[in-house]
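**Q** Before we start, here is the structure in question, set down as structure tokens.
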Amino acid sequence: MPPNQAAAETPPAENGFTNSQSDIEHVYIAVMGVTGAGKSSLISLCTGKNVKIGHNLQSCTADVEDVEFMFNDHVCVHLIDTPGFDDTSRSDVEVLQNIAVWLSDSFEHGTKLSGIIYLHRIIDVRMAGSALRNLSMFKKLCGENAYSSVVLATSMWNQVNEVEGAQRERELIETPKFWGHMHKKGSRVFRLDRTRESCLEIIKYILSLGSTTLLELQDEIVNKGRQIEDTEAGVQLNEDMIRERKKHQAELLALKTQMQEEMAEHDAELQRALKEEYDELKENIRRNDEEQAKLKQDLKDVHERKERELLELKKQIE
Ligand SMILES: Nc1nc2c(ncn2[C@@H]2O[C@H](COP(=O)(O)OP(=O)(O)OP(=O)(O)O)[C@@H](O)[C@H]2O)c(=O)[nH]1
Ligand SMILES: [Mg+2]
């Protein structure tokens with residue numbers, strides 16, 4: 001029986017977290033990683049379902065999405081597609097809030113993750129600032145105790161020379177702040193070559209672990225009753241924003257001095273360019289402040305905002 005057909009026959013759960021169906025075991029695996037890493041492509045290949053895939057530099061997956069398929073007659077695998085940090089359409093705060101809402105809701109409904117797949121493009125020559133930030137947020141929301149349920153996978157092997165790719169993969173594994181620490185603590189490394197087989201290898205491995213895991217973010221929010229801003233991931237995000245603000249403030253000050261000096265030169269063109277740069281920096285600082293304030297929202301408010309967004313979306317579709 002084709003996987004899709006079987007999945008379509010699985011009765012939907014009342015709360016969206018299907019854990020309780022008779023003889024079918026439901027296994028949940030989250031897929032994370034920077035935007036464009038190939039998360040939706042992997043999910044589409046595994047499930048055979050039409051998942052929205054990005055074909056330009058814009059981020060594609062905006063919200064957490066559960067896509068299921070029958071792995072065999074008894075196991076239904078749910079792949080949880082997530083937006084990446086450094087998304088172009090959503091701020092990191094919103095991404096964290098969306099992920100936190102899904103993780104805490106599902107956990108409260110008794111759904112536990114069996115594994116987490118973290119994707120990275122092997123074509124990326126170096127771990128850029130955004131990729132490193134994304135990875136560091138991922139580590140914070142997972143927590144060390146969950147590292148042994150993590151699969152670190154590289155995508156796009158069909159676009160690199162094998163030797164170069166292997167060299168980059170080694171660097172990822174051997175550098176503690178990249179994958180090194182996680183690898184030492186039990187995370188496994190896999191390669192994806194855009195075949196369904198390579199995707200299923202990962203699923204099989206996670207199923208072979210035969211366990212479920214509790215992520216740090218779930219533990220902090222559900223068990224310890226923390227607000228998102230007080231979780232490890234929230235604190236890190238807040239620190240990043242403070243650092244960013246300081247950087248912008250220093251740039252603003254330097255620009256102000258430069259503008260005053262240039263006034264004497266009466267170069268209108270240059271003054272206009274400097275003014276534009278100045279306004280842009282001020283706007284960045286304003287947005288940063290807005291995001292910092294948003295991070296303080298409690299989970300209930302985030303829930304309400306998400307419900308409003310969903311209603312809005314439904315209205316647009318109708
Ligand atoms: N060559 C090659 N291209 C790939 C592979 N995986 C994904 N892509 C392409 O990479 C682009 C981004 O893929 P997506 O699956 O949308 O990436 P994503 O991680 O879901 O991105 P967001 O939803 O924006 O977070 C698409 O054009 C895919 O066709 C791969 O293994 N090889
Ligand atoms: Mg996607």
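**Q** At 7 Å along Cα-to-Cβ for each site, give me the label-to-label distance between GLU290 and ASP193 in nm.
**A** In this crude label model, GLU290 to ASP193 measures out at 4.7 nm.
**Q** Now a separate question. Output the pairs from LYS52/LYS185; LYS140/LYS185; LYS39/LYS294; LYS246/LYS275; LYS184/LYS224 with a Cα-Cα distance over 22 Å in this structure; if there are none, say none. Write down the numbers at each step before the final one.
**A** Details: LYS52/LYS185 33 Å; LYS140/LYS185 14 Å; LYS39/LYS294 27 Å; LYS246/LYS275 20 Å; LYS184/LYS224 28 Å.
Pairs exceeding the cut-off: LYS52/LYS185; LYS39/LYS294; LYS184/LYS224.
**Q** For LYS112, give me every one of the lysines with a C-alpha distance below 16 angstrom, ignoring sequence neighbours fewer than eight places off in its own chain.
**A** Straight-distance partners of LYS112: none at all.
**Q** Next question. Taking the Cα-to-Cβ direction at GLN249 and at MET263 and moving 7 Å from each Cα, how far apart do the two end points lie in nm?
**A** So the two model labels end up 2.3 nm from each other.
**Q** So for each of 265-275, 292-302, 221-231 I average, over its residues, the number of other beta carbons within 10 Å; can you give me the resulting order with the highest mean first?
**A** 221-231, 292-302, 265-275
**Q** What number, in nm² with one decimal, is the all-direction average of the projected area of the convex hull of the alpha-carbon atoms of the chain? Could you put the intermediate results ahead of the total?
**A** On the way: hull surface 79.0 nm².
Spelled out: convex hull of the Cα atoms, projected over all directions, averaged, 19.8 nm².
**Q** Additional query: When every alpha-carbon pair in segment 228-297 is counted, what percent end up more than 17 Å apart?
**A** Values: 1232 of 2415 pairs.
For segment 228-297, the share of Cα pairs beyond 17 Å comes to 51 percent.
**Q** Determine the per residue accessible area of the chain with all protein chains present and a 1.4 angstrom probe, expressed in square angstrom. Spell out each step's value before the answer.
**A** Details: 16850 Å² over 318 residues.
Accessible area per residue: 53 Å².
**Q** In degrees between 0 and 90, to the nearest 10, how far off the longest principal axis of the chain does helix 92-108 point, with axes built from Cα atoms?
**A** So the helix axis and the longest Cα principal axis differ by about 30 degrees.
**Q** May I pose another question? Let me see the P(r) profile for segment 138-185: every Cα-Cα distance counted, bins of 10 Å, each bin given as a percent of all pairs.
**A** Going out from 0 Å in 10 Å bins, segment 138-185 shows 24, 48, 24, 4 percent.
**Q** Given the DSSP H assignment, sum -39500 (n - 2.57) over each helix run of at least 4 residues in the chain and divide by its residue total; what's the result at 222 nm in deg cm²/dmol, nearest 500? Don't jump to the answer; show the numbers that get you there.
**A** Details: 10 runs with 157 residues, N = 318.
Result for the chain: -16500 deg cm²/dmol, rounded to the nearest 500.
**Q** Let's test the formula: R0 of 41 Å, r as the Cβ-Cβ distance of LEU214 and LYS256. What FRET efficiency results, to the nearest 0.05?
**A** Values: r = 49 Å, r/R0 = 1.21.
The computed FRET efficiency comes out at 0.25.
**Q** How many percent of Cα pairs in segment 61-145 exceed 15 Å? Don't jump to the answer; show the numbers that get you there.
**A** Details: 2358 of 3570 pairs.
More than 15 Å apart: 66 percent of the Cα pairs in segment 61-145.
The values are calculated or read from the model by the stated rules, or taken from the named source; none is laboratory data. Worth saying up front: this structure is predicted, and the values here are computed from it rather than measured. Virtual Cβ from ideal backbone geometry, glycine too; neighbours counted across all protein chains shown. Just the protein is used for accessible areas: all its heavy atoms, side chains included, with ligands, DNA and RNA removed. Shrake-Rupley method; radii C 1.70, N 1.55, O 1.52, S 1.80 Å.
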